[in-house]
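Take a look at the structure below.
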Amino acid sequence: MTMKSNLTEFVTKCIALRNSSALPIGTSELLRLLLSCDYDLYETLYHFSRIKEYTQDDLAALLSVVPPSQPLHDLSLNSIHAMIPRWTATKYHTAPIQEVLEDIRAKILSHLIGVHVYHSNLNPRNPKSPDYPYMLLISKEQSVFLDINRRRSFKYTYTDSKSDQGGNCKCIM
């Protein structure tokens, strides 16, 4: 990489270093640095959706930059499906759409704290193929679902936050 490399190459390299634990700064510092330089939130989140495992610090950093969100009152599978208008039939998706919908619903209802990522077409052989990544951020107080390509966010606020599933923050790929 040279100083003439573009930002996408730089962020991709930082994420790769982050995945190997060789990045000298944390995710929150990298995220705040990029956003303080006026980089687009959703373009930045697109790259952050490729992190393999997330920490509590990652969750806090991502929740701190969530834009105003549409309220999500209903957790029916139809309501959740409405948040995911594009899901490809390729073998490179996280899972079939029905399994993804059930997984999202179960994680929200059980307050499974962490960062959960779903990809509709994460093709390792062709990185230019269109992918539609979605992020589910779950804290004690709320769940936020981010449709990164369409720049939309939905928030479900818990009325009872006594349930805490701990710090398992694993990404679903």
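Values as computed for the structure displayed
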| quantity | calculated |
| --- | --- |
| Residue count for the stretch 132-149, restricted to those that are within 11 Å of the chain's Cα centre (by Cα) and either in the same structural domain as His47 (by the TED database) or surrounded by fewer than 19 Cβ atoms within 10 Å (Cβ to Cβ) (or both) | 1 |
| Residue count, the stretch 100-115 (criterion: under 14 Å from the mean Cα position of the chain (by Cα) and not in a helix (DSSP H, G or I)) | 3 |
| Every residue from the stretch 7-47 that is closer than 23 Å to Asn121 by Cβ and either assigned by the TED database to the domain that holds Ile138 or open to solvent by 80 Å² or more (accessible area, probe 1.4 Å) (or both) | Glu9, Lys13, Glu43 |
| Every residue from the stretch 93-110 that is out of contact with any helix residue (DSSP H, G or I) (no Cβ under 7 Å at 6 or more places or on another chain) and buried (at least 20 other Cβ atoms within 10 Å of the Cβ) | His93, Val100, Ile108 |
| Pairs, first assigned by the TED database to the domain that holds Lys140 and farther than 17 Å from Asp147 by Cα in the stretch 91-112, second open to solvent by 40 Å² or more (accessible area, probe 1.4 Å) and part of a loop (DSSP other than H, G, I, E, B), C-beta under 6 Å, six or more apart | Tyr92/Leu122; His111/Gln165; Leu112/Gln165 |
| Residues within the stretch 59-97 that are outside any loop (DSSP other than H, G, I, E, B) and at pLDDT 90 or above, tallied | 14 |
| Exclusive hit being of a type in the set (Lys, Arg), open to solvent by 40 Å² or more (accessible area, probe 1.4 Å) and farther than 22 Å from Leu34 by Cβ, set Arg125, Arg152, Arg50 | Arg125 |
| Looking only at the stretch 61-92, and only at residues there that are charged (D, E, K, R) and within 18 Å of Asp131 (Cβ to Cβ), the one that is surrounded by the fewest Cβ atoms within 10 Å (Cβ to Cβ) | Lys91 |
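The values are calculated or read from the model by the stated rules, or taken from the named source; none is laboratory data. Predicted, not measured: the structure shown is a model, and the values here were computed from it. Cβ atoms come from the backbone with ideal geometry, glycine included; neighbour counts cover every protein chain shown. The protein model used for the area step is the full one, side chains on, heavy atoms only, and it has no ligands, DNA or RNA in it. Shrake-Rupley method; radii C 1.70, N 1.55, O 1.52, S 1.80 Å.
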